[in-house]
1. Restricting to the stretch 23-41, name every residue that is touching a helix residue (DSSP H, G or I) at 6+ places or on another chain (Cβ under 9 Å) and free of Cβ contacts under 8 Å to residues at least 24 places away in the same chain.
2. Could you grab me the full set of residues in the stretch 94-121 that are acidic (D, E), more than 17 Å from F16 (Cβ to Cβ) and touching a strand residue (DSSP E or B) at 6+ places or on another chain (Cβ under 6 Å)?
3. What are the residues in the stretch 64-79 that are within 16 Å of V106 (Cβ to Cβ), of a type outside the set (S, T, Y) and loosely packed, with under 15 Cβ neighbours inside 10 Å, if any?
4. In the stretch 22-45, how many residues are of a type outside the set (A, V, I, L, M) and under 20 Å from V93 (Cα atoms)?
5. So, of the residues in the stretch 17-64 that are at pLDDT 95 or above and of a type in the set (V, I, T), which turns out to be farthest from Q6 (Cα to Cα)?
6. Quick check on the stretch 80-114: of everything there that is closer than 24 Å to G40 by Cα and in contact with a helix residue (DSSP H, G or I) (Cβ under 9 Å, 6 or more places away or on another chain), which residue is surrounded by the most Cβ atoms within 10 Å (Cβ to Cβ)?
7. Take F16 and decide whether it is over 22 Å from D117 (Cβ atoms), among the aromatic types (F, W, Y) and under 12 Å from the mean Cα position of the chain (by Cα).
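The values are calculated or read from the model by the stated rules, or taken from the named source; none is laboratory data. Remember, it's a predicted structure, so these values are computed and weren't measured experimentally. Cβ placement follows ideal geometry from the backbone for every residue including glycine, while neighbour counts extend to all protein chains displayed.
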Amino acid sequence: MRTVDQKLMSGDFGGFLGMHTEDVVMHVPGNSPLAGDHVGRNGLAAVFQRELSMLDSPPEFVPLDDLGSDDHASSVTIQRMRRNGESYEGLQVILARVRDGQLAEVWFRPEDQEAFDRFFD
């Protein structure tokens with residue numbers, strides 16, 4: 001999971017997408033403009049491009065712990081973002097189903113869903 005975060009933070013968006021299956025599904029909870037089920041690499045690209053277009057700079061991920069097996073991967077991180085001069089810092093858990101070494105389904109869970117939603121309102 002750290003490699004996924006590193007690719008995203010370094011701007012290697014193609015490499016980031018390549019770590020996901022063609023039919024990946026990303027589940028983003030809450031009520032923000034980013035919420036919903038995003039299907040396929042195109043859907044994943046669209047939600048991340050939307051997020052990045054809303055931010056003052058790329059998000060920062062501080063990895064705390066990663067766990068993984070052939071079938072699942074999880075990451076506990078601190079996510080930091082800036083938008084319109086405001087800051088967000090929150091603990092998040094990412095759980096993924098792995099298929100053939102790629103992320104096939106991803107669940108994103110911020111510790112404080114209301115704060116995450118307010119940041120993107």
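1. Filtering the stretch 23-41 down to residues touching a helix residue (DSSP H, G or I) at 6+ places or on another chain (Cβ under 9 Å) leaves 23-26, 28-38, 41.
If the condition is that a residue be touching a helix residue (DSSP H, G or I) at 6+ places or on another chain (Cβ under 9 Å) and free of Cβ contacts under 8 Å to residues at least 24 places away in the same chain, then G36, D37, H38 are the ones that fit.
2. Within the stretch 94-121, E111, D112 meet the criteria.
3. L67, G68, D71, H72, listed by residue number.
4. Step one: of the stretch 22-45, the residues of a type outside the set (A, V, I, L, M) are 22-23, 27, 29-33, 36-38, 40-43.
After this cut, where a residue has to be under 20 Å from V93 (Cα atoms) as well, the list is 27, 29-33, 36-38.
Here the count works out to 9.
5. Selected residue: V39.
6. Here the answer is A96.
7. Values: over 22 Å from D117 (Cβ atoms): yes; among the aromatic types (F, W, Y): yes; under 12 Å from the mean Cα position of the chain (by Cα): yes.
Criteria met by F16.
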